[in-house]
Amino acid sequence: MPASAIRLLTLLLGLLLGYGAGRWISSAQRVEAPAAFLNVVSLMLAGLMLAVLLMARAERLSLRLTERLELWYAALSPRTVTAATFALVVSLVVSVLLGNLLGGVPYYRWWWNPLITLALAGFFVPFAVRNSDTFGTVAGSPLRRKSGSKILDSNVIIDGRIVDLYRSGLLEGELLVPAFVLREVQMLSDHGDPQKRLRGKRGLSVLEELREVATLRVDDWDAPDLTLTDDKLVRLARETGGKLISNDGNLGKVARLYGVTVVNLNEAAVALRPQLQVGDAMTLTITKNGQQAGQGIGYLEDGTMMVVEDGAKYKNRTVRVVVVNNVQTNVGRMIFARAEPLAKVENGIL
């Protein structure tokens, strides 16, 4: 609702309250017509001034309630709405039948019908919403129209490499962003923590770039009975037959147990790294000491750690090293090398 409309409604409410209070006081005290009119006008002015004082607070409260209502409305799924509607129909039908049966009871009154309807709705609606999956065939699911979509997790969106991967042609087809993932990224962009806010804004920027280079679809599918985003992603991938793109290793393991195909960009990046062979030579900056005495540690451009024998003495300097071993572990690659004697680089210049 626009801010101007909220201000106008606040002023109108103040005038109505003042008018109602003036009429009530005049009738209760049996004030004569001129004095009664003066009371009504005075109280209307008082109500108007009170509305002006409370206008800013009422505007903030209305905007906050409107935002919450929009979030609640966006989170509704067709299954939930169908289930609640079906429950209300059942409540009304049963209420009419009970009203006809109870019509002959001596103490029966007409206001029993709305009470019975409310009681039935209070039972049937929560029960139907909790079991909304049963109504999936009635509500229909727009996601079933297309299968094989690539479903994006929030960490992949924030990572940003998905844009370059799609441009390279290694990734093709439709990219799907569930509404609950988009809300998660949006909440990060509005977070009080500067780092989280920066991550959220980066994710929104990545989505803007993806929309220009890829077929990107945002769908309002949701599973109200699930609270965790990971659980929702797994169910969505199972129902649509899509592939899940995520950098979360634990989520990938769980999804694979359910038969979901998972694409992990971190694993793909590791697989695409050039393999260094024994005997390959390169220059490396030693940044710190290793665990063993005399060892030095340096890092390649892609972040791979290299352990250099007798490299501790070259700390914070650039040396020429030769690869002596290349080991693949469960946490990544570890490369062992040795510093070439008489080949160190002074002051960082070969």
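The values are calculated or read from the model by the stated rules, or taken from the named source; none is laboratory data. Being a predicted model, the structure only gives us computed values, none of them experimental. Cβ placement follows ideal geometry from the backbone for every residue including glycine, while neighbour counts extend to all protein chains displayed. To get the accessible areas, we keep the full protein, side chains included, count just its heavy atoms, and leave off ligands, DNA and RNA. Shrake-Rupley method; radii C 1.70, N 1.55, O 1.52, S 1.80 Å.
Some points to look at:
- A search for C-beta distances below 6 Å between a residue of the stretch 266-294 that is surrounded by 13 or more Cβ atoms within 10 Å (Cβ to Cβ) and any residue that is hydroxyl-bearing (S, T, Y) and modelled with pLDDT of 75 or more, counting only pairs 6+ apart in sequence or on different chains, returns T283/T318; T285/T318; I286/Y314.
- Exclusive hit being among the hydrophobic types (A, V, I, L, M, F, W, C) and either under 16 Å from the mean Cα position of the chain (by Cα) or part of a helix (DSSP H, G or I) (or both), set L236, L216: L236
- Residue count for the stretch 162-210 satisfying the condition of being in contact with a His (Cβ under 7 Å, 6 or more places away or on another chain) and under 25 Å from E267 (Cα atoms): 1.
- For the stretch 93-108, residues that are β-branched (V, I, T) and more than 45 Å from the chain's Cα centre (by Cα) total 1.
- Test for L251: is it under 28 Å from P78 (Cβ atoms) and in a strand (DSSP E or B): no
- Looking only at the stretch 215-262, residues that are farther than 19 Å from I158 by Cα, acidic (D, E) and surrounded by 17 or more Cβ atoms within 10 Å (Cβ to Cβ) come to 1 in all.
- Selected residue [over 23 Å from L71 (Cα atoms), open to solvent by less than 50 Å² (accessible area, probe 1.4 Å) and either modelled with pLDDT under 85 or assigned to a helix (DSSP H, G or I) (or both)] from V156, V181, V185: V156
- Number of the condition not met by P224 [criteria: (1) part of a loop (DSSP other than H, G, I, E, B); (2) touching a strand residue (DSSP E or B) at 6+ places or on another chain (Cβ under 9 Å)]: (2)
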